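Scroll down for the structure; my scribbles are underneath it.
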Amino acid sequence: MSLHGGLTRRPKTAREPHRLFWAALAAPGIIWLALLFIVPFYVVLAIAAGQLNQVFGTPIAVWNPLQWSTVNLAAVWHTIVGKGAFVGPDIVRTIVYTAIASLLCLLIGYPAAYFVARFAGRRKAFFLILLIAPFWISYMMRMLAWIDLLQTDGYVNKALMSLHLISSPVDWLGGMHITVILGLVYGYIPYMILVLYAGLDRIDGSLLEAGRDLGLGRIRTFLKVTLPLSRQTILTAMLITVLPMLGDYFTNQLLSGATGTAMLGNDIDGDLSTPAFLGQGAVLSLLLLLVLIVPMIYYVMATNRSSREAA
């Protein structure tokens, strides 16, 4: 207590042992993650800026930054914007696919997460199990199940023909854009719903009751209270969903495999599978990393701004 009867702040030195304790506790994990990122990143950088063995057609990593070359970068640049470029359209297609698929995930996932968070009642545990269940099955197995459903003699065509919506089987796996987009939605929507549920479930119910006490109906309460409070949650869910979508190659590879639906991840996978183009694949990987950094920086800035407003 101070002489004026007020509470004095705890001396700053009293908080130092606690900070040092938590810093020491977090140090092993931070060092481990840093090594797992920095070392592989430098290896990729050394290969991207390296050279090609003309005899064996294998990449040569150059570890000295003073000897780095821009040959692979120039080759990748020509595949993006040069004459006969094929990577440029794939990049545009990847952005369009990701935008549509992530928006569909949000439109489908938000009502589902909102229902479980607000109206599930006693069955909330059951619905939570249903939300977590997709994570028990590997992504590959879920995509393989889609292949069985979408084959020309699969259940999807049989159901549509029985409802007289189509007159003949549709080749869903023959390079259709809608198949790849819906495959992305199917593969990544569990991440969206789970993050949305975690955020919506933390909203204080008294705030919603206060809105109704002030004369707001259910719809206006949702628009004026719930939706603004879940803005940061939506941003987090979109980030977690969009980032893996941008680098996805497996969905198109299984559900289409056609060049007309190829994404940037397919180009990277193809280059990394061919020793002669390993350097160009490394460059494309680094370019994708630069693109992914943009939404991550925006997310960190938005989170910090939201924390300051809450404080």
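The values are calculated or read from the model by the stated rules, or taken from the named source; none is laboratory data. Just so it is clear, the structure is predicted and the values come from calculations on it, not from any experiment. For neighbour counting, all protein chains shown are included, and Cβ atoms are generated from backbone atoms with ideal geometry for every residue, glycine included. Ligands, DNA and RNA are excluded from the accessible area calculation, which covers all protein heavy atoms including side chains. Shrake-Rupley method; radii C 1.70, N 1.55, O 1.52, S 1.80 Å.
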Scope segment 163-180; condition small (Gly, Ala, Ser) and open to solvent by less than 80 Å² (accessible area, probe 1.4 Å); matching residues: Ser168, Gly174, Gly175
Top-ranked residue of segment 132-145 - restricted to ones that are in contact (Cβ under 8 Å) with a residue 12 or more places away in the chain and open to solvent by less than 50 Å² (accessible area, probe 1.4 Å), ranked as farthest from Gly199 (Cα to Cα): Met143
Residue match in segment 151-168 (condition: in contact (Cβ under 8 Å) with a residue 40 or more places away in the chain and more than 16 Å from the chain's Cα centre (by Cα)): no
Residue in segment 214-227 that is modelled with pLDDT of 80 or more and touching a Cys at 6+ places or on another chain (Cβ under 9 Å) present: no
Unique residue being closer than 30 Å to Ala262 by Cβ and open to solvent by 70 Å² or more (accessible area, probe 1.4 Å) when the list is Ile80, Ile91, Ile95, Ile129: Ile95
Qualifying positions in segment 281-311 - among the polar types (S, T, N, Q) and under 23 Å from Val76 (Cβ atoms): Ser285
Close pairs from segment 41-63: first within 13 Å of Gln280 (Cα to Cα) and assigned to a helix (DSSP H, G or I), partner open to solvent by less than 40 Å² (accessible area, probe 1.4 Å) and among the hydrophobic types (A, V, I, L, M, F, W, C), Cβ under 6 Å, at least 6 apart: Val44/Ala282; Ala46/Ala61; Ala46/Val62; Ile47/Ala61; Ile47/Ala282; Ala48/Ala282; Ala48/Val283; Ala48/Leu286
Scan of segment 227-280 for residues that are polar (S, T, N, Q), touching a Leu at 6+ places or on another chain (Cβ under 7 Å) and either surrounded by fewer than 17 Cβ atoms within 10 Å (Cβ to Cβ) or farther than 24 Å from Phe86 by Cβ (or both), ordered by number: Ser230, Thr233
